[in-house]
Amino acid sequence: MELQPCLDLVKVRHTTLRFPFFDHDVGSGFLPLSDLTSAVVADLKHQMFDAPVDFRSEVIYFLIVDRFHDGHDVAGDQEGSEKEEAKGLFDKSRQDWGKYWGGNLQGIINKIDYLKELGVTALWLSPLFEQVSDLQFSRAPMHGYWTRDFKRINPRFVKVGESTSISQSPTLKTLVDACHAAGIKIVLDIVCNHSSPDINGSKGVVLDDGQPLADFNHDHNGFYYHEGEITDWEDEYQLIHLEMMGLATFNEKNIHYRNYIKSAIQMWLDAGVDALRVDTLKHMPIWFWQEFTTAMKAHKPGLFMFGEYGFSKPWEQRSVDYANNIGMSILDFGLCDGIRFCFSGQEPGGFHQVERVLNYDRVYQRANELVTFIDNHDMPRFLSIVPDSRKLDLALVLLTTLRGVPCLFYGTEQYLNNGTNGGQDPYNRPMMESWDMSSHSFKLVQTLLDLRHRNQALSLGSHHTAWINDDFYLYTRNFRDSAVMVMVNKSDDDHVVDAENIQMPDGSYTCLITGFPVNITNGRLQGYRVHGNSAMVISAEGVPVEAPLVVVFQINGFETQPGQSIAIIGDCDEMGHWDHAKAYGMEYVNQNTWTATVGFNRSGPSVLNFKFIVFQENGEPIVEYLINRKTVLPQEGRIAVDCFWNHAN
């Protein structure tokens, strides 16, 4: 049987590229890029080095632009919706929950210092596209999901008379520059599945940068499906072809539609958007998303994308197939439900609800990149289902210390909530009211986010449960010599801890939340009292790998058993020059995921040959059954290299 070569394939942060110059033998060491032609080097630098992103270390803050802050009040400017007040879309009194309330891009700019102080590193904005300018059942598209022109900015988010062109808007440019100066990435919420519903006889009217493009009621070019409303949400055909809530559903088989939506989103990337959140994944086929993500990442190498597969669960195969095969991560609805059920009691089991979800992490290729949350714009806020701020504090401890990329819904750090009608839409979208940076809730979130930035165990590490029952949860997160231990007691009563085999270095610690001392001896914590409705977090901050270039390698697809470990061998000193005894050991994340951070110090960009090897306590090592992998390394920075066992990436 002949091995299939993988010499011409390279994958850095989900982007697969093809380089024909790899067809020759580069020997047993690094190939300096100085040996290549200037044209090839220029292409490599664009494709590989421009902005490689490891998003696992980020913290996302999701806001509804219209409900965050009106930055024009102070400036004395009118915001775009006020000039159309006569049409009834804008309610200055902020009493009509279905209408625009005046939040805008300048409002976000004015609060960037607040977000930076909180510890946010990525800002997810609700869709900024130009919307239909009309009401449906007294509701305006303040949410941003009834798009009229994907290549224009919603005029209600900028000043009256300001250009709504993506490339010419001064306010958009100021927002991008201010966020980047503060170390905050911009995540744009995009919608590819649909445009707008029937509003006063008009449906699905879409423009292409101001020019007519499509109209559902006059669909001569087949931009839309015309098959009615979904009635069976388990039927694959209906999910793809039929309408959700009357929204005009694009026909993704139409190449003109696909070219339009790809070119539109690329314009936003050119304007400085760093990452994409993608709406309604489950309503478009996998092949479409594969084509779309390929186009986006070719246009902006290193782009991080995550999508909404509504109410996904790790035990539901279709959602897992999407998460593993479309080139982007997904929002973790399973963990969201687990945390909400844990505290609300809507389903029994307490913390076992959380543990149940985590036990499925092996089904994902990148569970540590799932975007985690406890509430959002499509469900009641946490305080609406659990009206106890102490419980929200505990949920926030879980959100920020469990695996995944945590995402905070705006105002959570200020206990923002409106419980009218159980907090259902639209009452889950109140106006941001408080910016108190000294409040208990703000300080708690700030402390937790600071810990995420300081201790790499939270972004890269494995999860180990030391003790669990319905009301008490003790776990650690571990990566290399870094560790975090978390204890959460949601009972009203104190819990006395008697636990052993805690994967935490022995020593004396101080809880980051309470200030209480905690002593770990021989991996044990005995007779320790944790008060009711409280959490404790201690941290052992190891020494992260530091070098001009740090590469985060991750391998999936080999489900390890007890006694097995994975390492990297390659043609460099760091990887032992193919010597198995000098292989670079990787860190266990879950049965299906191992990670390593490797530091390189080279005089210039270079080519690395490598592969993975499994060591066994009682057996011969298992070496990947393929020709050596190759990847191109920049001289400096931090990049992520994702691989799948025995598959050329």
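The values are calculated or read from the model by the stated rules, or taken from the named source; none is laboratory data. All values reported here derive from a predicted model rather than from experimental measurement. Note: ideal-geometry Cβ built from the backbone for every residue, glycine included; neighbour counts use all protein chains shown. For accessibility, only protein heavy atoms count, side chains too; no ligands or nucleic acids. Shrake-Rupley method; radii C 1.70, N 1.55, O 1.52, S 1.80 Å.
Worth pointing out:
- Among the residues of this structure, I627 counts as one that is among the aliphatic types (A, V, I, L, M) and more than 23 Å from L460 (Cα to Cα).
- Looking only at region 243-280, and only at residues there that are of a type in the set (S, T, Y) and under 18 Å from G144 (Cβ atoms), the one that is surrounded by the most Cβ atoms within 10 Å (Cβ to Cβ): T249
- If you go through region 386-411 and keep only what is farther than 17 Å from V354 by Cα and open to solvent by 10 Å² or more (accessible area, probe 1.4 Å), you end up with P387, D388, S389, R390.
- Residue within region 96-115 that is among the basic types (K, R), open to solvent by 10 Å² or more (accessible area, probe 1.4 Å) and modelled with pLDDT under 95 present: no
- If you go through region 550-590 and keep only what is of a type in the set (F, W, Y), open to solvent by 10 Å² or more (accessible area, probe 1.4 Å) and under 26 Å from the mean Cα position of the chain (by Cα), you end up with F558, Y588.
- The set of residues in region 572-624 that are in contact (Cβ under 8 Å) with a residue 60 or more places away in the chain and basic (K, R) contains only R602.
- Remark: pairs (first residue in region 552-565, in contact (Cβ under 8 Å) with a residue 24 or more places away in the chain and closer than 19 Å to N324 by Cα; second residue open to solvent by 30 Å² or more (accessible area, probe 1.4 Å) and aromatic (F, W, Y); Cβ separation under 8 Å; 6+ apart in sequence or on different chains) = I555/F644; N556/F644; G557/F644; T560/Y588.
- Residue count for region 307-332, restricted to those that are open to solvent by less than 10 Å² (accessible area, probe 1.4 Å) and of a type in the set (F, W, Y): 1
- The test for being in contact with a Gly (Cβ under 9 Å, 6 or more places away or on another chain) and open to solvent by less than 10 Å² (accessible area, probe 1.4 Å) holds for N368.
- Residue in region 116-130 that is assigned to a helix (DSSP H, G or I), closer than 15 Å to T171 by Cα and among the charged types (D, E, K, R) present: no
- Among residues of region 507-534 that are under 12 Å from V497 (Cβ atoms) and touching a residue at least 60 places away in the same chain (Cβ under 8 Å), none has a Cβ under 6 angstrom from a residue that is open to solvent by 80 Å² or more (accessible area, probe 1.4 Å) and of a type in the set (D, E) at a sequence gap of 6+ or on a separate chain.
- Meets criteria (surrounded by 15 or more Cβ atoms within 10 Å (Cβ to Cβ), part of a strand (DSSP E or B) and out of contact with any Cys (no Cβ under 7 Å at 6 or more places or on another chain)) for A547: no
- Within region 162-172, the set of residues being part of a loop (DSSP other than H, G, I, E, B) and either open to solvent by less than 50 Å² (accessible area, probe 1.4 Å) or of a type in the set (K, R) (or both) comprises E162, S163, T164, I166, S169.
- Filter pass, F304 being surrounded by 23 or more Cβ atoms within 10 Å (Cβ to Cβ), of a type outside the set (V, I, T) and in contact (Cβ under 8 Å) with a residue 60 or more places away in the chain: yes
- Among the conditions (1) touching a residue at least 24 places away in the same chain (Cβ under 8 Å); (2) open to solvent by 10 Å² or more (accessible area, probe 1.4 Å); (3) not acidic (D, E), Y237 misses just one, which is (1).
- Residue check, V537 in contact (Cβ under 8 Å) with a residue 40 or more places away in the chain, in a loop (DSSP other than H, G, I, E, B) and either of a type in the set (A, V, I, L, M) or under 19 Å from T593 (Cβ atoms) (or both): no
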